[in-house]
Number of protein chains: 2
Amino acid sequence: MDDVADAVGVSRATVSNAYNRPDQLSAQLREEVLRAAKKIGYAGPNPTARSLATSRTGAIAVLLDTNLSTAFSDPALSVTLDALSTVVDPEGHALLLLPGDGESGGPRAERILAAQADIAVAYSLADGAPALSAVRDRGLPLVVIDQPHIRGSARIGVADRAGAAAAARHLLELGHRRIGIFSAQCLSAPRGGELSAAEAGNSRFHDNRERMAGYLETLAEAGVPVTDVPIWEASGLSVEGALPSAFGLLDRHPRPTALLCMSDLLALAAISAARHLGLSVPGDLSVVGFDDVPPARWSEPPLTTVRQDLAAKGRAAGELVLGLLRGEKTPAPAEVPAELVVRDSTARA
Amino acid sequence: MDDVADAVGVSRATVSNAYNRPDQLSAQLREEVLRAAKKIGYAGPNPTARSLATSRTGAIAVLLDTNLSTAFSDPALSVTLDALSTVVDPEGHALLLLPGDGESGGPRAERILAAQADIAVAYSLADGAPALSAVRDRGLPLVVIDQPHIRGSARIGVADRAGAAAAARHLLELGHRRIGIFSAQCLSAPRGGELSAAEAGNSRFHDNRERMAGYLETLAEAGVPVTDVPIWEASGLSVEGALPSAFGLLDRHPRPTALLCMSDLLALAAISAARHLGLSVPGDLSVVGFDDVPPARWSEPPLTTVRQDLAAKGRAAGELVLGLLRGEKTPAPAEVPAELVVRDSTARA
DNA sequence: CAGAATGACTTAAGCGCTTCAGAAAGTCCA
DNA sequence: TGGACTTTCTGAAGCGCTTAAGTCATTCTG
């Protein structure tokens, strides 16, 4: 920048103004500065130095629970992050991805401490993930998505419990009584197998707990004893990882006539497993998903599921980010609704 | 940092060393410094200031062609980026996502100029995307994936042409002569419809061109006139966007008996369309994909496709990044192989 | 036509760290 | 016992920018 200034014969401040505050100098001088910069091969202010001076980095740290391919194999994340990115992009913010370390339920604390970002967005991290304390230690503003509310941070979530209850009610109304629950990864050390109700209720993931509670409460109210409800945990977040547990659920005697699945991915895996076993869906088995990701609509059969407006959730998170960055005070925790969408994967018992 | 130094009664340099070069001070003084920092509420060196002093940001800019949900709806990207991330993460590098602007075939140039990153990785951008010149202007090292080689930058690609040729040969050997090509988005202003061979050959995306050439060359050599081969472009990268064109391809008289699809996603869309039309795959229609993404194995029927080792590609890109960051000189362009995987979506004509 | 207002630049003080070249003190060995 | 090393810590010069405050002409006002 000094070189450009010298070349034009002005001060460094003027060159800076040419880039940042065009109203501070005459249009022609600005042109001259820009021309000299181009000639010299100066591509504009160094972003890091600018950040140091302005204490703005233009990046939003996105804290993930898993590695990237697992994270993005869930369309719910893609849609949410895309909506978030679309909101913040015009303001010049980019997303800095911090994948989980595979153990602590989030990225390592030191990654947070070293990340260049103005704010952190945590997406469905495990309760008490060290990454969250690191965010606080650094004094970074925080937006959490699908996690318990943390004092001092903004939160956007989903009506998980109500949605799950609606799914359970739907199956009950269709006359199902032998209902299995297909849970997402839930234990600290996921083993991918049958879970006790206690284990299932103590997942370290907030949305798991809520959905589980919604299912079990509703079933119990209808007189289906919780002890009669088999609960299996998937051993991984991908369809592949889920298949063994899906087979486990369907391999019981008596076999469940319906499955409550904590995500569409799990539901799709369940349908795939059923097909392999020669069971027809929904003839022999009804399946309900959760999320309503795009593939749910195109699956065979189209999936009955609990729809949450993922894009709205992402946009809301984006607005929260922008608000906090503007210095506005932390708004109250918010929730997007969840509603049952009945398609063709469920039928009368 | 000065406050911590004062509290302990040492110089700022010593505090810095406590964090960065523990061998430069006695273990007990280091402990004392760290304790004082904790007490004062100092979370460690400010990342931006550290970056300015070291001229290292710890971030890798990932340049994408589309928005995030489109980008990540392609498992090929997720797998590749995950592998890349897994390689660079232990070295403390995170990924900074720069989505495309929807027009120029990449992110806006100013985003590149303002991004805090040590290096850029471009993933299948359109030829001549302004983002690429911006990278050069800034003097950032560059690794390109699935793009034409750019002087001075590292490149990793796939044997697209050979893979496409193998796919075409497979169909020919099964006796197919009425073969359609289902192309990915290819025009600057994708309209999602039938393409002339000239249009198809001039895609602004390198891998499109290569795959198309591989298909057409092989068909021509076998005596199938290019003019007899219908080529349709998908209008978007998602399954939803692809369906209309899939119907278009299948709505012809005479109907193709086989489809060469430029990606597994397109192949899946084609199978879905065929099902809606009451056609059996592979009975009435053979379908070949490209990429061999995880869902290809679980589809109904499992997909015959061209496998590329996406994880290896991502890892290779990661190694290139690390090498360039270490200051090693740019290695020669490299390619991962592509090989046909025959599953159940193809059969004799 | 004096004094206020405006426009166009410059000065200089940071932003919060890293790191190299010492200085001071302690250790070793012939 | 004194010179050569080590070890441990400090001083100070940056890293490349932004921006509040200030200077100096010019242009308006009444």
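No value in this document is a laboratory result; all are computed from the given coordinates. Keep in mind that what you see is a predicted model, and the values were worked out from it rather than measured. When we count neighbours, we look across all protein chains shown, and the Cβ atoms used for this are built from the backbone with ideal geometry, even at glycine.
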Grab the eigenvalues of the alpha-carbon gyration tensor for the stretch A:3-42, scale each by 5, take roots, and send me the semi-axes largest first in whole angstrom.
-> 15, 10, 8
What fraction of the Cα pairs in the protein assembly as shown, stated in percent, has a spacing above 34 angstrom?
-> 52 percent
Would you compute, for the Cα atoms of the stretch B:169-244, the largest minus smallest coordinate along each principal axis and list the three values in descending order, in whole Å?
-> 33, 23, 19
Work out how far the C-alpha atoms of the stretch B:153-211 reach from end to end along every principal axis, then list the three figures in whole Å, largest first.
-> 40, 31, 15
Compute the long axis of helix A:75-88 from its Cα atoms, compare it with the longest principal axis of the Cα atoms of chain A, and write down the angle in degrees, 0 to 90, nearest 10.
-> 30 degrees
Using a Gaussian network model of chain B whose springs link C-alpha atoms within less than 10 Å, name the residue from B:GLY157, B:GLY100, B:GLY223 with the highest mean-square fluctuation.
-> B:GLY223
Neighbour-count order for A:ARG151, B:ARG252, fewest beta carbons within 10 angstrom listed first | A:ARG151, B:ARG252
Which angle between 0 and 90 degrees, to the nearest 10, do you get for helix B:310-325 versus the longest principal axis of chain B when only C-alpha atoms count?
-> 40 degrees
Tell me which residues come under 5 Å, amide H to amide H, from A:VAL158 once H is placed; ignore anything under 5 positions away on its chain.
-> A:ASP146, A:VAL336
The rounded separation in angstrom of the Cα centers of the stretch B:23-100 and the stretch A:19-49 is 30 Å
So the angle from the long Cα axis of helix A:206-221 to the longest Cα principal axis of chain A, reported in degrees to the nearest 10, equals 30 degrees
Most exposed first by the Cβ proxy, i.e. fewest other Cβ within 10 Å, how do A:ARG21, A:ARG343, B:ARG35, B:ARG138 rank?
-> A:ARG21, B:ARG35, A:ARG343, B:ARG138
Phi angles of the stretch B:148-159, converted by Karplus (6.51 cos²θ - 1.76 cosθ + 1.60, θ = phi - 60°) into ³J(HN,Hα) in whole Hz with x for Gly and Pro, give x, 5, 10, 3, x, 10, 8, 9, 10, x, 10, 6
Loop-resident GluC sites (Glu not before Pro) in the stretch B:242-349 with no more than 13 other Cβ atoms inside 10 Å, DSSP not H/G/I/E/B, are B:GLU328
Inter-centroid distance (Cα atoms) of the stretch A:131-177 relative to the stretch A:195-215, Å | 12 Å
Work out how far the C-alpha atoms of chain B reach from end to end along every principal axis, then list the three figures in whole Å, largest first.
-> 87, 38, 31
Over chain B, the sum of -39500 (n - 2.57) across DSSP H runs of at least four, divided by residue number and rounded to 500 deg cm²/dmol, gives at 222 nm -13000 deg cm²/dmol
Using unit Cβ charges (K, R positive; D, E negative) and no other charged atoms, how large, in debye to the nearest 20, is the dipole of the stretch B:7-84 about its Cα centre?
-> 580 debye
How large is the dipole of chain A about the Cα centre if only Lys and Arg carry +1 and Asp and Glu carry -1, each at its Cβ, rounded to the nearest 20 debye?
-> 380 debye
Hull surface over four for the Cα convex hull of the stretch A:128-186, reported in nm², is 5.3 nm²
Please report the base-10 log of the normalised intensity I(q)/I(0) for the stretch A:17-140, using a Debye sum with one equal scatterer per alpha carbon and no solvent, at each q in 0.23 (1/Å).
-> -1.31
Of the options A:ALA273, A:LEU237, A:ALA213, report the single residue whose Cα projects farthest towards the positive end of the charge dipole of the stretch A:210-277 (beta-carbon charges: Lys, Arg +1; Asp, Glu -1).
-> A:ALA273
Of the residues A:ALA122, A:ALA269, A:ALA332, which exhibits the maximal mean-square fluctuation in a Gaussian network model of chain A defined by a 10 Å Cα contact cut-off?
-> A:ALA332
Least to most buried among B:PHE247, B:PHE182, by other C-beta atoms within 10 Å and fewest first, runs B:PHE247, B:PHE182
Top of A:LEU140, A:LEU95, A:LEU68 by mean-square fluctuation, Gaussian network on chain A, Cα under 10 Å = A:LEU68
With the charge dipole of the stretch B:134-267 built from beta-carbon charges (+1 for Lys and Arg, -1 for Asp and Glu) about the Cα centre, the Cα from B:LEU172, B:GLY139, B:SER203 projecting farthest to the positive end belongs to B:GLY139
Mind listing P(r) for the stretch B:218-322? All alpha-carbon pairs, 10 Å bins, whole percents.
-> 14, 41, 30, 12, 4, 0
Would you pull out the residues with amide H under 5 Å of A:ALA258's amide H, same chain only if 5 or more places away, H placed 1.01 Å from N?
-> A:GLY180, A:SER286
Dipole axis of the stretch A:226-349 (+1 Lys, Arg; -1 Asp, Glu on Cβ), positive-most option in A:ALA338, A:ALA258, A:GLY248 = A:ALA338
Peptide A:77-86: average number of partner chain Cβ atoms within 10 Å per residue?
-> 5
Shielding by other protein chains, B:42-54, mean Cβ within 10 Å = 6
Grab the alpha carbons of the stretch A:1-71, take their convex hull, and tell me the volume per residue in Å³.
-> 128 Å³
Give the long-range amide H neighbours of B:ARG343: residues separated by 5 or more places, or on another chain, with amide H under 5 Å away, using H modelled in the peptide plane at 1.01 Å from N.
-> B:THR304, B:THR305
In whole Å, what three semi-axes, largest first, describe the equivalent ellipsoid of the stretch B:41-99 built from its Cα gyration tensor (square root of 5 times each eigenvalue)?
-> 28, 13, 10
About the Cα centre of the protein assembly as shown, how large is the charge dipole given +1 on each Lys and Arg Cβ and -1 on each Asp and Glu Cβ? Please answer in debye to the nearest 20.
-> 680 debye
